[in-house]
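Report on the structure given below.
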Amino acid sequence: MKNNIYSLISCLCFLAFLSCKEQKTRTIEDTNSKLKTSKLDSLVNNPPEGMVWIPKGSFLQGAVPQDKIAMMHEKPQHQVSVDGFFMDITEVTNAQFSKFVDETGYITVAEREIDWEEMKKQLPEGTAKPHDTILQPGSLMFKKTKTSVPNLYDFSQWWQWAIGVNWKHPTGVNSSLESKENYPVTHIAFEDAQAYCKWAGRRLPTEAEWEYAARANKENTTYFWGDDSSLLPKKANTWEGEFPVFNTLEDGFERSAPVKSYPPNDFGLYDMAGNVWEWTMDWYNVNYYTELASANTVIINPKGADKAYNPNNPYIQEKIIKGGSFLCSYTYCASYRVSSRMGSSRDSSSEHIGFRTVVSLDMLMKK
């Protein structure tokens, strides 16, 4: 009998020990959870400098039904959900990129010697090598045409390879960044944007994140401000007049404009339409939207297609750029529309492509 009592007491003590241990574990977990929640709340309420919090949400990605000039690669619409993240209020400026280069000594793609062996991998087999006088570091520059252009699909009519042009000399070999510190940095290849992100502890947005942020909770509208196209000159830096011959300058600028020259969207983001195109992380694949829509479910935090596919540029590995630029015209591409998207070669740079960065909570929590 005595042994049974001792056994019972021992058992009760052991159970009490387990209960105490379990309670302590729960207390530690609750404390850690509260600390994590507190840190998350603090981060959300105190965004990194120059950034704004984009809250978690769902939206229909792709061209809206009333958009009569939407392109097939913007269709069909599909339901997407994205987690919250921070996004740069403006495109990365010349001043910000200059600081990155000063601290790292980074040399952009447009400043490097051209590797013909690498370049010809993106060209049809048998393409003749250009003369060495042409294969010099540089970037693409826009040039007006003297007369109307009947074939707007032939973009070679208004683009030219400009030797010596790069982010430091954005409008010509003899140009500089003087008085342009607050303009978006341009002539940036995908690799350059990635390098900046690594230095800054950021990343490029996915296409879904970018479009969700640009829409800013406005459901089923063509533009970030609604459906009224007459407001365009007051809302964005685009091309007014006959492209690519004559620009009326109704919006105040012929080429890029300083950041914050136009009103922000409802999330407080500037230049989510026009000014310069912006790199995203996603591969450009013309079939991707159709594949997403066929799943007939909400796609959570999509990362884009597994590989690039563009039958018009089968040799080039393209990434998606969003937002349009100062060259976008109603008669040409009207890519200031929220759903607009285009593919651009990773090693391509031009005077109308820049970028902005994002950072997610998990990235900040690791710091």
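Worth a mention:
- Pair list, Cβ under 8 Å, 6 or more apart: the range 228-246 residue within 19 Å of Trp277 (Cβ to Cβ) and of a type in the set (Lys, Arg), other residue outside any helix (DSSP H, G or I) and open to solvent by 10 Å² or more (accessible area, probe 1.4 Å): Lys235/Tyr223; Lys235/Phe224; Lys235/Trp225; Lys235/Tyr262; Lys235/Pro263
- All conditions but one from (1) out of contact with any strand residue (DSSP E or B) (no Cβ under 8 Å at 6 or more places or on another chain); (2) hydrophobic (A, V, I, L, M, F, W, C); (3) more than 30 Å from Asn182 (Cα to Cα); (4) at pLDDT 95 or above apply to Ala95; the one that does not is (3).
- Residue selected from the range 335-367 under the condition out of contact with any strand residue (DSSP E or B) (no Cβ under 6 Å at 6 or more places or on another chain) and closer than 13 Å to Ala193 by Cα, by the criterion least open to solvent (accessible area, probe 1.4 Å): Ser348
- Elements of the type strands (runs of 3 or more DSSP E) sitting completely within the range 291-367 and holding at least 3 residues that are not aliphatic (A, V, I, L, M): these cover 318-322, 341-345.
- Residues in the range 305-321 that are more than 22 Å from Val92 (Cβ to Cβ) and either touching a residue at least 40 places away in the same chain (Cβ under 8 Å) or open to solvent by 60 Å² or more (accessible area, probe 1.4 Å) (or both): Asp306, Lys307, Tyr309, Pro311, Asn312, Pro314, Tyr315, Ile316, Gln317.
- Some residue of the range 62-69 being under 30 Å from Val358 (Cβ atoms), in contact with a Phe, Trp or Tyr (Cβ under 7 Å, 6 or more places away or on another chain), at pLDDT 95 or above and part of a helix (DSSP H, G or I): no
- Verdict on Pro76 being at pLDDT 60 or above and more than 30 Å from Thr290 (Cβ to Cβ): no
- The residue of the range 201-252 that is farthest from the chain's Cα centre (by Cα), among those that are farther than 20 Å from Pro55 by Cα, surrounded by 18 or more Cβ atoms within 10 Å (Cβ to Cβ) and polar (S, T, N, Q), is Asn247.
- Note on the range 322-334: among residues that are farther than 16 Å from His73 by Cβ and among the small types (Gly, Ala, Ser), the one that is surrounded by the most Cβ atoms within 10 Å (Cβ to Cβ) is Ser325.
- Counted residues, the range 271-307 - those being closer than 24 Å to Ile188 by Cβ and among the polar types (S, T, N, Q): 3
- Unique match (being more than 23 Å from Met272 (Cα to Cα) and at pLDDT 95 or above) among Phe86, Phe100, Phe59: Phe100
- Among residues of the range 254-265 that are of a type in the set (Asp, Glu), those with a Cβ under 9 angstrom from a residue that is part of a loop (DSSP other than H, G, I, E, B) and open to solvent by less than 50 Å² (accessible area, probe 1.4 Å), sequence gap 6+ or separate chain, pair up as Glu254/Trp239; Glu254/Asn247; Glu254/Phe326.
- Hits in the range 123-150 - residues which are open to solvent by 40 Å² or more (accessible area, probe 1.4 Å) and either among the hydrophobic types (A, V, I, L, M, F, W, C) or modelled with pLDDT of 85 or more (or both): Leu123, Ala128, Ile134, Gln136, Leu140, Lys143, Lys144, Lys146, Thr147, Ser148, Pro150
- Filtered residues of the range 156-200 (kept if of a type in the set (Gly, Ala, Ser) and closer than 30 Å to Tyr289 by Cα): Ser156, Ala189, Ala193, Ala195
- Answer residue from the range 171-199, given it is without any contact (Cβ under 8 Å) to a residue 60 or more places away in the chain and open to solvent by less than 40 Å² (accessible area, probe 1.4 Å) and is farthest from Ile316 (Cα to Cα) among those: Ser175
- Restricting the range 288-304 to residues that are more than 16 Å from Glu211 (Cα to Cα) and open to solvent by less than 60 Å² (accessible area, probe 1.4 Å), the residue that is farthest from the chain's Cα centre (by Cα): Ala295
- Hey, Tyr284 touching a strand residue (DSSP E or B) at 6+ places or on another chain (Cβ under 7 Å), free of Cβ contacts under 8 Å to residues at least 60 places away in the same chain and open to solvent by 10 Å² or more (accessible area, probe 1.4 Å) or not: no
- Glu351, sole failed condition from (1) at pLDDT below 95; (2) under 30 Å from Thr93 (Cβ atoms); (3) in contact with a His (Cβ under 8 Å, 6 or more places away or on another chain): (1)
The values are calculated or read from the model by the stated rules, or taken from the named source; none is laboratory data. Predicted model, so just to flag it, every value in this text is computed and none were measured. Neighbour counts are summed over all protein chains in view; Cβ atoms, including those assigned to glycine, are modelled from backbone coordinates with ideal geometry. Surface accessibility is based on the protein's heavy atoms, side chains included, excluding ligands, DNA and RNA. Shrake-Rupley method; radii C 1.70, N 1.55, O 1.52, S 1.80 Å.
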